[in-house]
1. Select from segment 104-122 the residues that are open to solvent by 90 Å² or more (accessible area, probe 1.4 Å) and not basic (Lys, Arg) and list them in ascending order.
2. Go through segment 47-89 and give me each residue that's open to solvent by less than 60 Å² (accessible area, probe 1.4 Å), among the hydrophobic types (A, V, I, L, M, F, W, C) and free of Cβ contacts under 8 Å to residues at least 12 places away in the same chain.
3. From the list 18, 91, which one is at pLDDT 90 or above and either aromatic (Phe, Trp, Tyr) or at positive phi (or both)?
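The values are calculated or read from the model by the stated rules, or taken from the named source; none is laboratory data. These figures come from a predicted structure and were not determined experimentally. All Cβ positions, glycine included, derive from the backbone under ideal geometry; neighbour counts span all protein chains shown. Side chains are part of the model used for accessible areas, which takes the heavy atoms of the whole protein and leaves out ligands, DNA and RNA. Shrake-Rupley method; radii C 1.70, N 1.55, O 1.52, S 1.80 Å.
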Amino acid sequence: MANDQNNTTGQNGATGDWGSGMARTAMRGMSMQNGMNDDSRQNGESVREKLEYRAKMKKYKEKRDKAVETFKTITGETVETREGAVKALAWIMKNKSYTQAAEAIMAASDFCWACNEEDAAKDVKEEVSTLSGLMRG
C-alpha cells in the first residue's frame, strides 16, 4: 500500500515515484530554468531602465539648450548658470516686451528644471559610488 501512495500518474499517463531521483532532477531543472528567466528578465529591465534614463537626460539637455538659445536670442548673451538665468530674466523683464519677458520666463523654467535634474543625477551617482565603495571596503 505504501508503494501505491508514492506512485502517481503524470500528464502523459506515465507512472513514476515522485520521490525518485528522476522527479527531483526534473523539478530542479524547472527551478533552474525559472531562475534563468528571472535573471534575464532583471537584466532586460536593467537595460531598459538605463535606456530610459539616457533618453530622459537627453530630453533635459535639449530643453536646457533650447532655453539657453532663447536667452541668447533675446539678450545676446549665453546663460550657463542659474544665477545667469536670473540676471538675464531680470534684464529682459525691465528692457524688453511682455512677449519676450514671457518667453524668458518659460525658458528660465525649463533651464532651471533641466539644471535640477542634471544636478540630482550627479548627486545620486556620487552617492551610489560612495556607498558602493563603503560596501566593498
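1. First pass over segment 104-122, keeping only residues open to solvent by 90 Å² or more (accessible area, probe 1.4 Å): 106, 113, 122.
Selection gives 106, 113.
2. Hit for segment 47-89 is 55, nothing else.
3. Numbers: 18 fails: at pLDDT 90 or above.
Just one listed residue meets the conditions, 91.
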